[in-house]
Amino acid sequence: MATKEALVCGAGGFIGGHLVKRLKSEGFWVRGVDIKFNEHAETLADDFVIGDLRDQQFVSKIIDHRFDEVYQLAADMGGAGYIFTGENDANVMHNSALINLNVLDACHKRDIKRVFYSSSACVYPVHNQLDPDNPNCTESSAYPANPDSEYGWEKLFSERLYLAYNRNHGMECRIARYHNIFGPEGSWEGGKEKAPAALCRKIAAAAPGGQIQVWGDGKQTRSFLFIDECIEGTVRLLRSDFEGPVNIGSEEMISINHLAQMISEISGKDIVIENIPGPEGVRGRNSDNRLIRQMLGWAPELPLHQGISKTYAWIDSQLKRKHNLPDSAGCVAT
Ligand code: NAD
């Protein structure tokens, strides 16, 4: 049987890097594309092309034949500090929309059927996420639309774009709405990192009994999905008969202060939390996994504590490596 071929757009990013590993472990030939290499791990892609997916000519060059599977993960994105200040709105919308327009159309021209698109829980309306204890993130609640950021509006537009190509051009695109994915080999400093990584870094850097600052009152709730389960849901959805959009997230909702406490316990440092004003997004958000369970017969199950423990250990080792400090085994990281 011929080797299957996959294209991963955004392969230099967090989820894309892990997805390449998964596809390689399944025996795929993989082409990765990104504007940069992954900072945290060597790519396993057979062919890694550096280039700008906003450039239509570049996109038609890298989508040069009929891949069996295409995963479109490239986007201009970041954590709350990047998306909610408003300073990056024009870039976020322009850059991500162009990438999606280019990639999808090039796939259509090569008669590629299966394209995965990574949308986001940020599409859900603000008015359904005001109560931190009872957010509504059922897939059908996305309309009437009222996302809390331009990032969410672009995702909603692009979801509709992929669905339109399914209807008008006989494509079989699959759309997931990811909810806060975290894990090793993701951004952990520099402003694009998300809450779990930022809290792990702050606590890893703090002295025992020390203090860390947490944006907002800390009562805002979220759920966080470990990267391995995100990848599992992604490949399952792409190969399924269900086009989505469907949530890929965890249903284990937790407040940001409780998350900080969990990480403090994992670290063994007994950290004090100080809540300070800062960008925080909606009050409450949780995945609703009824649809994915029904359509794929699968949903994420890993307890948050397990994923956070692995992530804390990785970020702690990165920090020690950076400052040339001994790791927990007493060795200086190289
Ligand atoms: P990431 O930022 O690590 O990866 C995105 C990659 O896209 C980056 O490596 C970036 O360099 C690349 N990229 C951006 N502009 C590009 C361009 N013009 N040309 C080529 N490459 C370009 O993000 P991630 O966490 O891996 O997320 C992957 C996808 O999942 C994104 O579409 C994101 O919106 C979506 N998503 C992620 C989360 C999450 O919690 N991580 C949640 C919801 C949705």
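The values are calculated or read from the model by the stated rules, or taken from the named source; none is laboratory data. Not measured: the values here are computed from a predicted model. Here the Cβ positions follow ideal geometry from the backbone for every residue, glycine too, while neighbour counts run over all protein chains shown.
Tabulated data
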item: Options A106, A90, A121: the member that is surrounded by fewer than 18 Cβ atoms within 10 Å (Cβ to Cβ) and either touching a strand residue (DSSP E or B) at 6+ places or on another chain (Cβ under 6 Å) or farther than 21 Å from N286 by Cα (or both); result: A90
item: Subset of the stretch 113-129 (residues that are more than 10 Å from the ligand (Cβ to nearest atom) and among the aliphatic types (A, V, I, L, M)); result: V115, V126
item: Any hit, the stretch 186-203, residues being within 11 Å of the ligand (Cβ to nearest atom) and polar (S, T, N, Q); result: yes
item: Unique match (being over 25 Å from F37 (Cβ atoms) and assigned by TED's automatic domain parsing to the domain that holds P147) among C173, C230; result: C173
item: Members of the stretch 270-297 found to be surrounded by fewer than 17 Cβ atoms within 10 Å (Cβ to Cβ) and charged (D, E, K, R), listed by number; result: D270, E274, R290, R293
item: Tally, over the stretch 81-98, of residues that are within 28 Å of A198 (Cα to Cα) and assigned to a helix (DSSP H, G or I); result: 12
item: Boolean, E243 is closer than 30 Å to A142 by Cα and within 16 Å of the ligand (Cβ to nearest atom); result: no
item: Every residue from the stretch 57-84 that is loosely packed, with under 14 Cβ neighbours inside 10 Å and in contact (Cβ under 8 Å) with a residue 24 or more places away in the chain; result: D64, H65, R66
item: Strands (runs of 3 or more DSSP E) wholly inside the stretch 198-287 that include at least 1 residues being under 15 Å from the mean Cα position of the chain (by Cα) and among the hydrophobic types (A, V, I, L, M, F, W, C); result: 246-248
item: Meets criteria (within 14 Å of the ligand (Cβ to nearest atom), more than 19 Å from the chain's Cα centre (by Cα) and either surrounded by 14 or more Cβ atoms within 10 Å (Cβ to Cβ) or in a loop (DSSP other than H, G, I, E, B) (or both)) for L19; result: no
item: Residue, farthest from the ligand (Cβ to nearest atom), within the stretch 216-240, restricted to residues that are crowded, with 17+ Cβ neighbours inside 10 Å and within 19 Å of N134 (Cα to Cα); result: G218
item: The lone exception for P135 - which of (1) farther than 16 Å from F242 by Cα; (2) crowded, with 22+ Cβ neighbours inside 10 Å; (3) within 14 Å of the ligand (Cβ to nearest atom) it fails; result: (3)
item: Leading residue by the ranking (nearest to the ligand (Cβ to nearest atom)) among those in the stretch 22-49 that are free of Cβ contacts under 8 Å to residues at least 24 places away in the same chain and outside any loop (DSSP other than H, G, I, E, B); result: V49
item: Failed item, numbered, when I175 is tested on (1) more than 12 Å from the ligand (Cβ to nearest atom); (2) closer than 25 Å to A90 by Cβ; (3) aliphatic (A, V, I, L, M); result: (1)
item: Breaking point among (1) modelled with pLDDT under 95; (2) not in a loop (DSSP other than H, G, I, E, B), for S187; result: (2)
item: Any hit, the stretch 96-112, residues being more than 10 Å from the ligand (Cβ to nearest atom), touching a Cys at 6+ places or on another chain (Cβ under 6 Å), β-branched (V, I, T) and on the phi < 0 side of the Ramachandran plot; result: no
item: Per-region count, the stretch 152-177, residues more than 30 Å from D68 (Cβ to Cβ) and either crowded, with 22+ Cβ neighbours inside 10 Å or of a type in the set (D, E, K, R) (or both); result: 1
item: Lone unmet requirement of (1) of a type outside the set (D, E); (2) touching an Asp or Glu at 6+ places or on another chain (Cβ under 8 Å); (3) surrounded by fewer than 17 Cβ atoms within 10 Å (Cβ to Cβ) for R114; result: (3)
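For (1) polar (S, T, N, Q); (2) under 18 Å from L302 (Cβ atoms); (3) out of contact with any strand residue (DSSP E or B) (no Cβ under 6 Å at 6 or more places or on another chain), each residue gets a yes or a no:
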{"site": "D217", "(1), (2), (3)": "no, no, no"}
{"site": "L225", "(1), (2), (3)": "no, yes, no"}
{"site": "I231", "(1), (2), (3)": "no, yes, yes"}
{"site": "L238", "(1), (2), (3)": "no, no, no"}
{"site": "I254", "(1), (2), (3)": "no, yes, yes"}
{"site": "K269", "(1), (2), (3)": "no, no, yes"}
{"site": "I273", "(1), (2), (3)": "no, no, no"}
{"site": "P277", "(1), (2), (3)": "no, no, yes"}
